[in-house]
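**Q** A single structure is presented below for examination.
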Amino acid sequence: MEDLTTELVNFTWSRQGQSLLHQFTSNGMNSELQLCKPDWSEGDTITCYASYSGIQTQSSILLPSQNASEK
């Protein structure tokens, strides 16, 4: 998202399609979510949604399984 008034950008986060109620920080055009291990499981998909004037974009991260990181 470029050339937007940053006060009007709304960020939300979800895990496996369910809204996350955890604390996240947003400043300018960025948002950051911090999760502790008890708050997620291997293989979960975490998605950040950014919306502005009815336009929505998203980016997802697939959390790797422990077996995949050992290979």
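The values are calculated or read from the model by the stated rules, or taken from the named source; none is laboratory data. Source: prediction; values computed, not measured. Cβ sites come from the backbone with ideal geometry, for glycine too, and all protein chains shown count toward neighbours. Please note that ligands, DNA and RNA were not included when accessible areas were found on the heavy atoms of the full protein model with its side chains. Shrake-Rupley method; radii C 1.70, N 1.55, O 1.52, S 1.80 Å.
**Q** Tell me, please, whether a residue that is at pLDDT below 80 and out of contact with any Leu (no Cβ under 8 Å at 6 or more places or on another chain) can be found in region 34-44.
**A** Within region 34-44, not a single residue is at pLDDT below 80 and out of contact with any Leu (no Cβ under 8 Å at 6 or more places or on another chain).
**Q** When you go through (1) touching a strand residue (DSSP E or B) at 6+ places or on another chain (Cβ under 9 Å); (2) modelled with pLDDT under 85; (3) open to solvent by 40 Å² or more (accessible area, probe 1.4 Å) one by one for N27, which number turns out not to apply?
**A** (1)
**Q** Name the residue that is farthest from G17 (Cα to Cα), counting only residues in region 42-63 that are of a type in the set (S, T, N, Q) and open to solvent by 40 Å² or more (accessible area, probe 1.4 Å).
**A** The selected residue is S53.
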